[in-house]
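Some notes on the structure that comes next.
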Amino acid sequence: MSVHPNLENALKHHFGYDSFRSPQREIIVEALENRDLLVIMPTGGGKSLCFQLPALMKEGLTVVVSPLIALMQDQVDGLRKNGIPATFLNSSVSPHKVRMREQAILAGKVKLLYVAPERLLSERFLPLLDLVHHQIGISAFAIDEAHCVSEWGHDFRPEYRQMISLRQRYPNVPIWALTATATERVRLDIIKQLGLKQPNVHIASFNRQNLYYEVRPKKKNSYVELLGLIQDNEGSGIIYCLTRKKVEELAFKLQHDKISALPYHAGLSDVERSENQTKFIRDDARIIVATIAFGMGINKPDVRFVVHYDISRNLESYYQESGRAGRDGESSRCMLFLSYSDVKTIEWLIDQKSNEQEQMIAKHQLRQMIDYAEGTDCRRAIQLSYFGERFTGNCGNCDNCNNPKPVEDWTIEAMKFLSCVARCKQRFGMKHIIDVLRGSKTQKVLSKGHDKLSTYGIGKDRTLDEWRMLGRSLLHQGLLEQTTDGYAVLKLNAFSLEVMKKQRSVSVVVPAKEKVAWKGRSEKAEQADILFQKLRELRKQLADAQSVPPYVIFGDSTLRLMTQMKPKTKQEFSQLAGVGSHKLTQYGDKFIAVIKAYLQEQSPQKQKYADQKGDISYTELQTFELHKEGLSIKEIAQQRNLRSTTITRHLSDLIEKDKPVDLNLLVTTDKQKKIIQVLDILGDISLTPIKEYLGDDYSFDEIRLVRGKWRKKTNKVKK
């Protein structure tokens, strides 16, 4: 059977989705080719779509075997709401309705039939199935919860064992076995017990262990933080924004700050979008700033970070978009900036939907997204829980696990807030309640006489943002309700009353005051970076000569293996993961030559360092020697194949260690004085708030260098 040429169109038409989640498309293509399948996909991962869409695209009836009546009902209801002809037959259906449904099936008016295994194999039902097969055809049997067929499964059902008779009775009808969980032993048992013929096996999990997840509050100068993130992280990055306007503005600002960034959104011409995408894929542009229009079908495995500069509409979208980082398995970073003004933008977009049910679903999804952003649990656990996959937490690779946010008791503030909602007779939204609490003299407050309420002005000690944070937290914790009719009026519930009566305490997450200080990289790591950059340069040259993306030559993971193993012969090179016989012949000698040259270059320099006595590292000495020759930071970075920020750290540390670095060549004396004044006021804190205080005329590098001088002076005073 030929594969449907417009699979995405069918997906959009029947289910409303724009794209498939991996590996749905591959599974569906194989299903349309009449192959037997075994699909292991976590609950919530789109498992049902893998048999529902092929059922609609194939001739005949797809029979879905399901062990749970409630599950059948839910699935069929969901399909019918999408206009899909589906039905079920089980013990909950009256004999009259059974006959009506059977007639509809024989008339070809049903595409998916859900049935329990007991009924499927009953003496009364099998003759009907034979008739269906003869008259309209059976396109496939989809065995849901297929682990029930195995005694080794967690929910063994003896009746599932009898379903091998389907293969014997209908040998040419494909069987698709699907389940959320199955060990290798269970997988093999499923294949055997159902008589699957050389099935294609797909095992999916949502846990992307190589991704670091982080959420930060979006503030006035969050752009400075974004710039710092880009400078401190190597490789390609995607930055997502909600609107085309924001995409254009952010791309322009990054270009102004000498970052190789390009925009991508539906407002650009097809040619410009295609060109920008190609430049990004081939590493000619480091950053792509995009709306969610970007990423569908993009196969760039070496994206090192994905930043959501605006919050996503729902957690599923966020998972997909952030999941475009680190597809090669290398460590990558996913950051989300949380701003309630962005939330308001999404809420406005949701309110434009004409379908009330769609609005309610979208608002519920947005709340789940905010819960994720504000959550104090392991980010990975929250995500996987959403997709139905169990995870114990403490992943060690997210901000909440590595740097737990403080949780404070805000019961008194919550009592004030809820009392104000009550005093305003539950007729107003959050902004008005906060205005009353903070004693604002807005026209609305005065005209309603709310300046006379007992709660007027009792919240002056908290900022607007703090009250907004509390209000949203009360909503997310279910301690307060909000109408969904477009007006977002706050309403009390039974839990609200418990808080007001001091029967329930309220805790909220308070944003940390400072970031965790950056931990310097080891000398060994920096040396590996030098070789890695040399190998990347060679890879780019080869890729450009062949007009292909660099990752087609070798992936980052293979280059990392080269820096670790440092192969000096083709035999050693052939042992690296990612090196096949063809690539060994084509590229082996070239990469080995770079590695050998690097090793020869290091030997005399290390001897020179061994002859030196002092408290500086070998890599700092290399930077120091080049600085003494009069090279600029940029020139030193180019010569050493390191980032400018790394060279800046070397020089800053050398200054702090009282080495004769000429700071006046690097930072003007006027700027030095101003930075030192600010450091005297703010103290030894992270660079971002210092940069925010000083403004755009001062760079991170300048602040870092002067901080070295300030620390040297401060340490001498302490001694």
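The values are calculated or read from the model by the stated rules, or taken from the named source; none is laboratory data. Predicted model only: the values in this text are computed from it and were never measured. As a convention, Cβ positions derive from the backbone with ideal geometry for all residues, glycine included, and neighbour counts pool all protein chains shown.
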(message) I need the full set of residues from region 320-346 which are among the aromatic types (Phe, Trp, Tyr) and surrounded by fewer than 21 Cβ atoms within 10 Å (Cβ to Cβ), in order please.
(response) Tyr340
(request) Any chance you could count how many residues in region 101-158 are without any contact (Cβ under 8 Å) to a residue 24 or more places away in the chain, part of a loop (DSSP other than H, G, I, E, B) and more than 30 Å from Ile203 (Cα to Cα)? (result) 4
(request) Identify all residues within region 626-648 that are among the basic types (Lys, Arg) and within 15 Å of Arg536 (Cα to Cα); write none if there are none. (result) Arg640, Arg643
(request) Would you please list the contacts, defined by Cβ atoms under 8 Å and residues six or more apart or on different chains, that run from a residue in region 184-198 that is on the phi > 0 side of the Ramachandran plot to a residue that is surrounded by fewer than 12 Cβ atoms within 10 Å (Cβ to Cβ)? (result) Gly195/Gln168
(request) Restrict the check to region 488-495 and report whether at least one residue is more than 30 Å from Ile685 (Cα to Cα) and at pLDDT below 85. (result) yes
(message) Suppose the filter is in a helix (DSSP H, G or I), touching a residue at least 40 places away in the same chain (Cβ under 8 Å), within 18 Å of Gly471 (Cα to Cα) and not β-branched (Val, Ile, Thr); does Phe428 pass it?
(response) no
(message) If Gln503 meets every condition in (1) modelled with pLDDT of 90 or more; (2) of a type outside the set (Gly, Ala, Ser); (3) more than 30 Å from Gln602 (Cβ to Cβ); (4) surrounded by 18 or more Cβ atoms within 10 Å (Cβ to Cβ) apart from one, which number is that one?
(response) (4)
(message) If a residue must be touching a helix residue (DSSP H, G or I) at 6+ places or on another chain (Cβ under 9 Å) and either at pLDDT 90 or above or surrounded by 15 or more Cβ atoms within 10 Å (Cβ to Cβ) (or both), how many such residues does region 270-297 contain?
(response) 15
(request) Within region 536-591, track down each residue that is touching a residue at least 24 places away in the same chain (Cβ under 8 Å), part of a loop (DSSP other than H, G, I, E, B), more than 29 Å from the chain's Cα centre (by Cα) and surrounded by fewer than 18 Cβ atoms within 10 Å (Cβ to Cβ). (result) Lys566, Lys568
(message) Just to be sure before I move on: is Asp144 in contact with a Lys or Arg (Cβ under 9 Å, 6 or more places away or on another chain), surrounded by 19 or more Cβ atoms within 10 Å (Cβ to Cβ), modelled with pLDDT under 95 and not hydroxyl-bearing (Ser, Thr, Tyr) in the structure I sent?
(response) yes
(message) I'm trying to understand the selection: among the residues of region 151-185, which are under 35 Å from the mean Cα position of the chain (by Cα) and at pLDDT 80 or above?
(response) Ile175, Trp176, Ala177, Leu178, Thr179
(request) Could you look through region 158-169, keep only residues that are surrounded by fewer than 17 Cβ atoms within 10 Å (Cβ to Cβ) and not acidic (Asp, Glu), and pick out the one that is nearest to Ile138 (Cα to Cα)? (result) Arg169
(request) Give region 439-466 a look and list any residue that's at negative phi and in contact with a Phe, Trp or Tyr (Cβ under 7 Å, 6 or more places away or on another chain), or say none. (result) His450, Gly459
(message) Give me the residue from region 72-100 that is part of a loop (DSSP other than H, G, I, E, B) and on the phi < 0 side of the Ramachandran plot and, out of that set, modelled with the lowest pLDDT.
(response) Asn82
(request) Go over the candidates Gln103, Gln162 one by one and state the one that is in contact with a Leu (Cβ under 7 Å, 6 or more places away or on another chain) and polar (S, T, N, Q). (result) Gln162
(request) Check region 614-629 and report whether any residue there is surrounded by 19 or more Cβ atoms within 10 Å (Cβ to Cβ), within 34 Å of the chain's Cα centre (by Cα) and modelled with pLDDT under 85. (result) no
(request) Report whether or not Ile690 is buried (at least 19 other Cβ atoms within 10 Å of the Cβ), in contact with a helix residue (DSSP H, G or I) (Cβ under 9 Å, 6 or more places away or on another chain) and farther than 30 Å from Glu601 by Cβ. (result) yes
(message) Quick check on my filter: what residues within region 347-397 are touching a residue at least 24 places away in the same chain (Cβ under 8 Å) and either touching a strand residue (DSSP E or B) at 6+ places or on another chain (Cβ under 7 Å) or part of a loop (DSSP other than H, G, I, E, B) (or both)?
(response) Ala373, Glu374, Gly375, Thr376, Arg379, Arg380, Phe387, Gly388, Glu389, Phe391, Cys395, Asn397
